[in-house]
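Asker: Once you've had a glance at the structure underneath, I'll fire off some questions.
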Amino acid sequence: MRVRLIYSPDVVEKPILAEVISKTGLLINILEAKVDAQKGELVVSIPSSGKKLEEAIAMFRRAGVKVEEIKETLKIDREKCISCGACISPCPTQALQLDSDWTLKYDEEKCVACGTCVHACPFDAITLLEDAGKVEARSS
Amino acid sequence: MKKDECIRSVREINEKIKCGDAVVLTAEEMIRLAESSGVKAAAEEVDVVTTGTFGAMCSSGVFLNFGHSDPPIKMTECWLNDVPVYKGLAAVDGYLGAAALSETRGFEYGGGHVIEDLVSGKEIELRAESYGTDCYPRRHVETTITIEDLNQAILVNPRNCYQRYNAATNSSNRVLHTYMGTLLPNYGNVMFTGAGQLNPLCKDWNYETIGIGTRIFLGGGVGYVIGEGTQHDPQSGFGTLMIRGDLKRMNSRYLKGASFYKYGVTLYVGIGIPIPIINERVAKTATLRDDEITVEIRDYGVPSRPDRRPVVKRVTYADLRSGKVYINGRKIPSSSLSSYKMAKEISEVLKKWILEGLFLLTEPVESLPRKGSLKPLRVRRREPIVRDLMRREVITAKPNEGVEEAARKLIVKEIDHLPVTTEDGRLVGIVTSWDLARAIAERRQVLSEIMTRRVITAQEDETIDAVAWRMAQHNISGMPVVDEERKVVGIITTDDVSKRLVEGISRR
């Protein structure tokens, strides 16, 4: 599952992610990171489900980090898309690729909702869903 | 058999098409056949190879005849959905260019979109103005039209179907929005365009079968090559075509308006050309693969004319299509602007048309030029350059200089920019009055702590136009002028540029 971790100024300097990784043993992967002295925002992929996932999310919350689940991020209008590829190489996480018959495919799991592809598309075929990443993760 | 000895004529091929006996392969199928049986056997067996391309072709447009209203108008200005139509023609003739921008919607909508909307049968707002004459008394007209209402809608594209196209990357430190799409900073990606092994002119590399009069698949309908395109550059292998076709018989699946963010609008055009395999040499080029067609990756981070953009690397279409290329040992993602999927579909549709006897081949009335190359535009009028406007007495500072001392320099000399240099004058940073104000507030001591190290610079021989654009892009008000060794030779500010502008205006 992909989640967005939002660090407030009070906790931004603490090694919370490292702590969660070492305690749960989960190989959490950072997909995107914006951190400065004021606040931090990470998009991470947690390779887990069920109880273990809930436990990890609860640990972040206890440490004062806001956790938002990223569900659907992009909508691709297949009527407009011609599978050119203009969105593919600008995508920072390789979430957009061509499949073996040259059709654009989209890997929801890899998308971090950055929106680069929206401007890159010459056919206005990609929309960033408004609530992308703003869905509060189910609390345990 | 000699390579240029005629295997079959176009007339013979057409007889076979009419009888349903012609052997027609798409370019992809021809490549596979040649790989398994060899070019010679493929040449003996195959009559026609079909090609396809579907990409942005800005030099496209449509001639329109609106018909006369009552009372009639000699339209001197005209808009379709607020996109200006060229009206330097007779009363109700106009030319709508694909790259024309809407006057109300900017980069979002333009000529390419109007063409697509016309083909889809949508209603279009027509508005026209005139000065009124005895024979054309009306001075204004506003109505809606569809493609059905027009007497003619003829697509005439001055330059389509580039044989190959150089790829693009970006060495600069900011995102560039170009006609080659989004180019990420620091060689973040590579964009390319072109159908490569499916491209019509690649498959007839020596222009032996494609020429004036060649019948083609154009935008889902039938069109014709009417000559070489503008910027046709055969000696470098960058041939182009000028084409025409009846827009009324086209299909919006193969003609699509497109917007490039912060660049402009264009039209994606679908073109397919049949290559009659008249001899072994044509067969050979018809089997060219992506890994045999090379292009250069050019650096769009350098804002000079296209042929002077530095070549970063030479690669093949196969490299580019693999999704990654290596630049300076780094793996860089690459992707296409044109659609290979649609190009392939076009080659398949054209094959079907020929097999069904709906499309016959043509012999060119005249060949395309095989000689000639591109010339740049010489700017003969002297344009102001940095050297003309820059100030040569530059006040500089050293990295270990104190913040307060530097601030005093700015006040005494009434300047806002302080380049920081080494002992031998090499630029290592810059501080502005704003940086110093903040440094004093934050009680910082030495310039090296606060200076900006990545300095945006100018060169003496650059035009003022180019440096003014750069200052605006980076939101800065001045730049040190440096030589090849990065030694500071002057400074230029927005004040210098605007003073020049004011002088220029008051002199008029």
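The values are calculated or read from the model by the stated rules, or taken from the named source; none is laboratory data. Here the structure is a predicted model, which means the values were calculated and not measured. Neighbour counts run over all protein chains shown; Cβ positions are idealised from the backbone, glycine included. Ligands, DNA and RNA are excluded from the accessible area calculation, which covers all protein heavy atoms including side chains. Shrake-Rupley method; radii C 1.70, N 1.55, O 1.52, S 1.80 Å.
Asker: So residue B:208 clears everything in (1) part of a loop (DSSP other than H, G, I, E, B); (2) under 22 Å from the mean Cα position of the chain (by Cα) except one condition, right? Which one?
Answerer: (2)
A quick yes/no check of all residues on (1) among the hydroxyl-bearing types (Ser, Thr, Tyr); (2) outside any strand (DSSP E or B); (3) more than 20 Å from residue B:221 (Cβ to Cβ); (4) open to solvent by less than 50 Å² (accessible area, probe 1.4 Å):
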{"site": "B:33", "(1), (2), (3), (4)": "no, yes, yes, yes"}
{"site": "B:36", "(1), (2), (3), (4)": "yes, yes, yes, no"}
{"site": "B:70", "(1), (2), (3), (4)": "no, yes, yes, no"}
{"site": "B:75", "(1), (2), (3), (4)": "no, yes, yes, yes"}
{"site": "B:131", "(1), (2), (3), (4)": "yes, yes, yes, no"}
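Asker: So which residues in the stretch B:164-211 are within 14 Å of chain A (Cβ to nearest Cβ), aromatic (Phe, Trp, Tyr) and open to solvent by 20 Å² or more (accessible area, probe 1.4 Å)?
Answerer: The answer is B:165, B:179, B:187.
Asker: Shifting gears a bit: Restricting to the stretch B:184-205, give me the number of residues that are farther than 30 Å from residue A:114 by Cα and within 21 Å of the chain's Cα centre (by Cα).
Answerer: Selection size over the stretch B:184-205: 7.
Asker: Sticking with this structure for a sec: Going by the structure shown, is residue B:40 modelled with pLDDT of 95 or more and in contact with a strand residue (DSSP E or B) (Cβ under 9 Å, 6 or more places away or on another chain)?
Answerer: Here the answer is no, as residue B:40 does not meet what is asked.
Asker: When only residues in the stretch A:62-73 that are touching a strand residue (DSSP E or B) at 6+ places or on another chain (Cβ under 6 Å) and open to solvent by 10 Å² or more (accessible area, probe 1.4 Å) count, which is nearest to residue B:259 (Cα to Cα)?
Answerer: The residue in question is A:71.
Asker: Ok, one more. Within the stretch B:322-342, does at least one residue satisfy the condition of being surrounded by fewer than 16 Cβ atoms within 10 Å (Cβ to Cβ), within 14 Å of chain A (Cβ to nearest Cβ), within 21 Å of residue B:163 (Cα to Cα) and touching a residue at least 12 places away in the same chain (Cβ under 8 Å)?
Answerer: The answer is yes; a qualifying residue exists.
Asker: Among the residues of the stretch B:311-321, how many are surrounded by 17 or more Cβ atoms within 10 Å (Cβ to Cβ) and hydrophobic (A, V, I, L, M, F, W, C)?
Answerer: Here the count works out to 3.
Asker: While we're on this one: Answer yes if at least one residue in the stretch B:269-287 is in contact with a strand residue (DSSP E or B) (Cβ under 6 Å, 6 or more places away or on another chain), within 11 Å of chain A (Cβ to nearest Cβ) and buried (at least 24 other Cβ atoms within 10 Å of the Cβ), and no otherwise.
Answerer: yes
Asker: Give me the strands (runs of 3 or more DSSP E) completely within the stretch A:12-116, filtered to those with at least 2 residues that are more than 14 Å from every other protein chain (Cβ to nearest Cβ) and over 25 Å from residue B:187 (Cα atoms), ordered by residue number.
Answerer: A:40-45, A:65-69, A:74-76
Asker: What's the number of the only condition in (1) surrounded by fewer than 24 Cβ atoms within 10 Å (Cβ to Cβ); (2) under 23 Å from residue B:151 (Cα atoms) that residue B:62 fails to meet?
Answerer: All conditions are met except number (1).
Asker: Continuing with the same structure: Can you tell me how many residues within the stretch B:154-163 are surrounded by fewer than 22 Cβ atoms within 10 Å (Cβ to Cβ) and of a type in the set (A, V, I, L, M, F, W, C)?
Answerer: Total satisfying the criteria: 2.
Asker: For the stretch B:218-315, which fully contained strands (runs of 3 or more DSSP E) count at least 3 residues that are at pLDDT 95 or above and out of contact with any helix residue (DSSP H, G or I) (no Cβ under 8 Å at 6 or more places or on another chain)?
Answerer: B:221-228, B:241-246, B:294-299
Asker: For the stretch B:138-175, give me the residue count where each residue is touching a Pro at 6+ places or on another chain (Cβ under 8 Å) and of a type in the set (A, V, I, L, M).
Answerer: The total comes to 1.
Asker: Another one. Among the residues in the stretch B:223-235, are any buried (at least 19 other Cβ atoms within 10 Å of the Cβ) and closer than 13 Å to residue B:52 by Cα?
Answerer: Taking every residue of the stretch B:223-235 in turn, none turns out to be buried (at least 19 other Cβ atoms within 10 Å of the Cβ) and closer than 13 Å to residue B:52 by Cα.
For (1) more than 31 Å from the chain's Cα centre (by Cα); (2) not in a strand (DSSP E or B), each residue gets a yes or a no:
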residue	(1), (2)
B:108	no, no
B:114	no, yes
B:142	yes, no
B:148	yes, yes
B:153	no, no
B:158	no, no
B:165	no, yes
B:171	no, yes
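Asker: While we're on this one: Regarding the stretch B:355-371, can at least one residue be identified that is more than 14 Å from every other protein chain (Cβ to nearest Cβ) and assigned to a helix (DSSP H, G or I)?
Answerer: yes
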